[in-house]
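The values are calculated or read from the model by the stated rules, or taken from the named source; none is laboratory data. Predicted model, so just to flag it, every value in this text is computed and none were measured. Cβ placement follows ideal geometry from the backbone for every residue including glycine, while neighbour counts extend to all protein chains displayed. Ligands, DNA and RNA are excluded from the accessible area calculation, which covers all protein heavy atoms including side chains. Shrake-Rupley method; radii C 1.70, N 1.55, O 1.52, S 1.80 Å.
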Amino acid sequence: MPADPRPQLRPPRHRVDPKARRWWTVQALLVVSGPLLLVAAALLALSVLFFPGALPWLAPLVLVVLVLPSVGYLIAMPRWRYAVHAWELGEQAVYAASGWLWQQRRIAPLSRVQTVDAVRGPVQRRYGLATVTVTTASTAGDIKIAGLSDADAEELSRRISDAAQVVPGDAS
Amino acid sequence: MTASADDGSGDWRRLDRRTLLVHCQWLGAPLGSIALAALATGGQIPTGSWIALGCIAAAFVAITLGGLVHWARTEFRVDAEALAVRSGLFTRRLRTVPLRRIRSVDLTASPVHRLLGLTVLRAGTAGSGTGLSEMSLNALRVRDAERLRTEILAHVDRSAVADDPLVSRINWRWLRYAPLTFWVIGGVFTVAGAASRILDGAGIQAWRLPFVRRAFSEFGSSMLWLTVPALLLAILVVGSLGALVVYAENWWNYRLEWTDARMLRVRRGLLTTRSVTIERDRLRGAVIREPLLLRAGGGAQVRAVAGGLGNREDNRRRSALLPPAPRGEAVRVAAGALQAPFPEADLIAHPRAALRRRRTRGLVLAVLPGVVALAVLGAVFSSGVLLHAAWVYGLVATLAVLWLARDAYRSLGHTIAGPYLLARSGTFHRDTVALQRESIAAWTFTTSPLGRRAGVVTLTAAVAAGEEGYRIPDADAVEAPSFAAEVSPGIVEEFLEPAPTSSGG
């Protein structure tokens, strides 16, 4: 295969805050892994108490179907996300990467930016994190940068709104 | 414009008085269901039904009262600058929209409205989606509504009407495409479902009616190899008739024309008449849609990609520019709406990996579960019939999946044609979309775990119109960034870097 002349999309320059990994871990624990592990524990407890005979086949089944996937998710998802999530404010456009298995890179020019919001969820607030949402006229063009530190989020919102005012455009 | 402005442009105006009668239509439903229940039970309505009927009646009386209050407290005004609507019972609300922000004016009349000579006027502004971006006046006399529309759209430049403003009109030979739409089968079940719901609401259980039971027992006892095909044939015939009726109701008197240099108008409808006006500046492109059946018959539909048509559901209803019609006509209409030839240039094919992915997806999602389920059931019950069913299903479904995957792969394609981005995809619904390149507001590159290994990426072009996001699925990952840069300069360039010297596939 000859060297390809086509330029490629590089990842955005700035990573999100390292504390985001902890936030994603807590989120995974609350939404996916925690409930699954509870179900597994309840099943095993019931089996030990009432159906000891079922344990030899139930325990491996629970391990493979519930415990391993939820622990794997808990360990892999935050790290993987942290490796993918990134953002960059260019001269003409905002650029953000997100996701972990399914990954998304979105670029919206500053001339189309309509509003910039910084939102802090309850768990995010504990870790001093925020999510910045940049909306455009099209819902398919909204950019979400999750897991920024508070200071970064504020700074970024300010810089995006400043830049959006400088770059001419009708935001439609 | 001046003549119509005399009768009090600038004064607050009321909705038409006959609107009161329109609101009373809601009383029809409870009265009807009470009558139906009384009829079906011979006057002996059970208590449960009485309660249900009472609740229905109360709800509908509340709706009627709401409508009456709405009429009494709504006023509107048009002056040279803006359209203003004042409404609300306790909280008075005044909404003012500058006329130059109004992007489309839509007149709709339900059968009840038409009986009374009324119509509903909706003015849509540029904002996308939310209900706040729309003002509706329910209802006005048809003549007043048309005059009001001229007033609202008076700012529009009407100097340069195109040479032939008429783009397309109904041709009843297109009716042959009606049975190729969803309504053939879906219509029968929709009608049956609605009927049983209505009967159920009135306290009648359809399967207890004597003639239904007799029909069922006779159906079961007679020769199935004759009655089952007969039943299917009957469904097909009824469905086709239904599809014809739906087509005629939707597209009666269909006309697509430029009312002036900047306004494209669609008029259609038999019982419910519909008239949608789209401003040219808001028309961002067109979609030629070919559902599988329709495509097999050589037909296609056309939809507009336009802003200001309301939320997703409204947009689906209002964006139709052409009913199912021959494909050549669809291309012609799309070109007429874009006022440029619909650029069906040679599309850039997608990598072979896209074909493999479609095959695998079909085999894993459609063939495998069915075969496994049948085989396991067959093994458990040691039933030879089920085991045979498993391999027959596997064979037939595999062939179908291979054919569909090939078709889906052949449909894939994208290219740049003059000021338009052209993208085609889909097999059950093949959509060919032409998007104005300068209207693209953002680019998204989506990859899946398997897609990254196969070297494909899904590109999404965001526009503030139509379905908002238009996808180019499974494009070549190496080519995609530079393609996006070429389509809309000034978005992705600054994030591009030269490819590393050996980019292994």
Checklist entry - Which far-off residues, 5 or more places away or on another chain, put their amide H under 5 Å from the one on B:Glu468, with H placed in the peptide plane? => result B:Val463
Item to check | Relative contact order, percent, chain A [alpha-carbon distance under 8 Å, six or more residues apart] | outcome: 23
Checklist entry - Counting Lys and Arg as +1 and Asp and Glu as -1, what is the net charge of the other residues whose Cβ lies under 9 Å from the Cβ of B:Ala330? => result +1
Item to check | Cα-Cα P(r), the range B:26-77, percent of pairs per 5 Å interval | outcome: 5, 20, 21, 17, 12, 8, 7, 4, 3, 2, 1
Item to check | Estimated [θ] at 222 nm from DSSP helical runs (n ≥ 4, -39500 (n - 2.57)) normalised by residues in chain B, nearest 500 | outcome: -13500 deg cm²/dmol
Checklist outcome for this item: Computed over the Cα atoms of the range B:352-411, the Rg and Dmax in Å are 13.5, 43
Item to check | Farthest positive-ward along chain B dipole, Cα basis, beta-carbon charges - from B:Ala330, B:Leu15, B:Ala484 | outcome: B:Leu15
Next on the checklist: Let me check the size of the range A:18-59 from its C-alpha atoms; what are the radius of gyration and Dmax in Å?
Outcome noted: 14.9, 47
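For the range B:2-155, what ratio Rg/Rh do Cα atoms give with a Kirkwood hydrodynamic radius?
That ratio is 1.10, to two decimals.
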Next on the checklist: Treating only the Cβ of Lys, Arg, Asp and Glu as charged (+1, +1, -1, -1), what charge dipole size does chain B show about its Cα centre? Round to the nearest 20 debye.
Outcome noted: 1040
Checklist outcome for this item: Taking the range B:263-405, the equivalent ellipsoid from its C-alpha gyration tensor has semi-axes in Å, biggest first, of 44, 19, 14
Checklist outcome for this item: In debye to the nearest 20, the charge dipole size for the range B:2-155, taken about the Cα centre with +1 at each Lys and Arg Cβ and -1 at each Asp and Glu Cβ, equals 180
Checklist entry - Under 5 Å between amide H atoms, partner at least 5 residues away or on a different chain: which partners does B:Ala499 have, H built in plane at 1.01 Å? => result A:Gln8
Checklist outcome for this item: Per the charge dipole of the protein assembly as shown (beta-carbon charges, Lys/Arg positive, Asp/Glu negative, Cα centre), the residue among A:Pro7, B:Thr273, B:Ala154 reaching farthest to the positive end is B:Thr273
Next on the checklist: Based on C-alpha coordinates, I'd like the Rg and Dmax of chain B, in Å.
Outcome noted: 27.7, 87
Checklist outcome for this item: Computed Rg/Rh for the range A:35-172 (Cα atoms; Rh = Kirkwood radius) stands at 1.23
Item to check | Debye, to nearest 20: dipole size of the range B:352-411, +1 on Lys, Arg Cβ, -1 on Asp, Glu Cβ | outcome: 500
Item to check | Per-residue ³J(HN,Hα) for the range B:317-331, Karplus 6.51 cos²θ - 1.76 cosθ + 1.60, θ = phi - 60°, Hz, x for Gly and Pro | outcome: 6, 8, 7, 5, 10, 8, x, x, 8, x, 4, x, 5, 4, 4
Item to check | the range B:343-488 - percent of accessible surface contributed by carbon and sulfur, probe 1.4 Å | outcome: 66
Next on the checklist: Loop by DSSP (not H, G, I, E, B), at most 14 other beta-carbon atoms within 10 Å: where is the longest site-free stretch of chain B for chymotrypsin sites (Phe, Trp or Tyr not before Pro)?
Outcome noted: B:183-380
Checklist entry - For B:Arg13, which sequence-distant residues (separation of 5 or more, or a different chain) have an amide H within less than 5 Å of its own amide H, given hydrogens modelled in the peptide plane? => result B:Phe76, B:Arg77
Next on the checklist: At 1.4 Å probe radius, can you tell me the per residue accessible area of the range A:86-166 in Å²?
Outcome noted: 44
Checklist outcome for this item: Sorted by accessible surface (1.4 Å probe, heavy atoms of the protein chains only), largest first, A:Arg22, B:Arg284, B:Arg312 come out as B:Arg312, A:Arg22, B:Arg284
Item to check | Fraction in percent of alpha-carbon pairs per bin - 20 Å, the protein assembly as shown | outcome: 13, 37, 40, 10, 0
Next on the checklist: Can you tally the net charge around B:Phe76? Count Lys and Arg as +1, Asp and Glu as -1, for every other residue whose Cβ sits under 9 Å from the Cβ of B:Phe76.
Outcome noted: +3
Checklist entry - Using θ = phi - 60° and the Karplus form 6.51 cos²θ - 1.76 cosθ + 1.60, what ³J(HN,Hα) does each residue of the range B:396-405 get, whole Hz, x for Gly and Pro? => result 5, 5, 4, 4, 4, 5, 4, 5, 5, 4
Item to check | Positive-end residue of B:Ile51, B:Leu107, A:Tyr73, charge dipole of the protein assembly as shown with Cβ unit charges | outcome: B:Ile51
Checklist outcome for this item: Cα-based Rg/(2.2 N^0.38 Å) for the range A:86-166, rounded to two decimals, is 1.05
